[in-house]
1. Do you know which residues across region A:3-33 are among the aliphatic types (A, V, I, L, M) and either under 23 Å from B:A57 (Cβ atoms) or in contact with an Asp or Glu (Cβ under 7 Å, 6 or more places away or on another chain) (or both)?
2. Given the structure, is B:K111 within 13 Å of the chain's Cα centre (by Cα) and away from chain A (no Cβ under 14 Å)?
3. In region A:156-187, which residues are assigned to a loop (DSSP other than H, G, I, E, B) and surrounded by fewer than 17 Cβ atoms within 10 Å (Cβ to Cβ)?
4. Among all residue pairs at least 6 apart or on different chains, which show Cβ distances below 8 Å where the first residue, located in region B:27-41, is surrounded by 11 or more Cβ atoms within 10 Å (Cβ to Cβ) and the second is charged (D, E, K, R)?
5. Would you check if B:A92 is more than 14 Å from every other protein chain (Cβ to nearest Cβ) and in contact with a Lys or Arg (Cβ under 8 Å, 6 or more places away or on another chain)?
6. Hand me the list of strands (runs of 3 or more DSSP E) wholly inside region A:1-100 holding 2 or more residues that are more than 11 Å from chain B (Cβ to nearest Cβ), within 30 Å of B:S146 (Cα to Cα) and of a type in the set (K, R).
7. Checking the condition modelled with pLDDT under 95, closer than 30 Å to A:V30 by Cβ, hydrophobic (A, V, I, L, M, F, W, C) and over 12 Å from the mean Cα position of the chain (by Cα), which residue from A:I164, A:I169, A:I127, A:I137 passes?
8. I'm told B:E102 meets every condition in (1) over 16 Å from B:S44 (Cα atoms); (2) in a loop (DSSP other than H, G, I, E, B); (3) more than 14 Å from chain A (Cβ to nearest Cβ) except one. Can you identify the failing condition by its number?
Amino acid sequence: GLLVTACGLLRHRPGGGGAFWVDSQQKRYVPVKGDHVIGIVTAKAGDVFRLDVGGSEPASLSYLAFEGATKRNRPNVQVGDLIYGQFVVANKDMEPEMVCIDSSGKSSGMGIIGQDGFLFKVSLGLIRKLLAPKCEIIQELSQLYPFELVIGMNGRIWVKAKTIQQTLIIVNILEACEYMTAEQRKQALAKLSGN
Amino acid sequence: GVLERSREQLLRQTCEAVVLGVLHPRTAISLVLQVLSDAGSLLSCCLNAACMALLDAGLPLAALFCGVTCALQPDGTILLDPTARQEQEARAILTFAISSSERKVLMSTTKGSCSVEEMQQCLAAAQRAATTIFQFYRDSVRRRYSKS
């Protein structure tokens, strides 16, 4: 038989064999293989870094899992740095493991996140909305100021704009997007670009 | 005190029966309940709040559960969700935790004395009342998901 264990909306995709899934809003992040997340380095233990990814266990990241890293050429990672990487091992029985290269050895945007900028947490539902293919929020924001954005599936977002004030404005808008309708958001952005 | 500990144990046993702990090994799931005001039927109120909290957090559950309190009055009539006053005047107070799958009983606790037939009648009344509570859960969740 079939047992429903998650609370949410039942969705259906008719294409191919057809797929049914439950769209649920979780509070806490659970590591999943293949997810791209932002981790905070908490410790260096020999050849391995320990990262806090917001799950129940810290994830491990080998120093060789960076583009162009060799035993002689180690990446310059300090405790407290932000790392954008993906999970290669993530199940309930083992400690999660991350890497900052993809299967062909290229970094493709992953690695140590630069200096400055602002890291903040949002709900997992908002992250999924922002990462959906046609997300208007990011398009509208990019017309306001130029900025760099890193979105982690574990609910963490890193933003960096030209000035601290612009960065904080973008942070506030992204946090408020959780509860604003599209209309309210357009009004808020119009007010800001008018100033 | 001992009463709070006993309530914690009853809540824990009910939650452990429905939460799928197998999916989260070597992990502690802690549930914190803060009593804002107590107007009677506290244990079943705690059970309902606990189930809604587990739903809100998105934890995997095998079934939903709800709590119903029955007060058996001295003249034999059954009163559901008694107030503090009605609880004091009652001959017996029975609290049941009812599961959403086939209205099975997950937990039952009795204060006072009653006959077997009276307990069966209270249980039947509680199972009927559980339907209303599960409908409330459904409406609350629907409202929450319609906002996003």
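The values are calculated or read from the model by the stated rules, or taken from the named source; none is laboratory data. Note that the coordinates shown come from a computational prediction; the quantities given were computed from them, not determined experimentally. Backbone-built Cβ (ideal geometry, glycine too); neighbour counts: all protein chains shown.
1. Matches in region A:3-33: A:L3, A:V4, A:A6, A:L9, A:L10, A:V22, A:V30, A:V32.
2. no
3. To start, the set of residues in region A:156-187 that are assigned to a loop (DSSP other than H, G, I, E, B) comprises A:162-163, A:177-181.
A:K162, A:T163, A:E178, A:Y179, A:M180, A:T181, listed by residue number.
4. B:G40/B:D81; B:G40/B:R85; B:G40/B:E87; B:S41/B:D81; B:S41/B:E87
5. The answer is yes for B:A92.
6. By residue number, A:9-13.
7. Within the list A:I164, A:I169, A:I127, A:I137, the selection yields A:I137.
8. (3)
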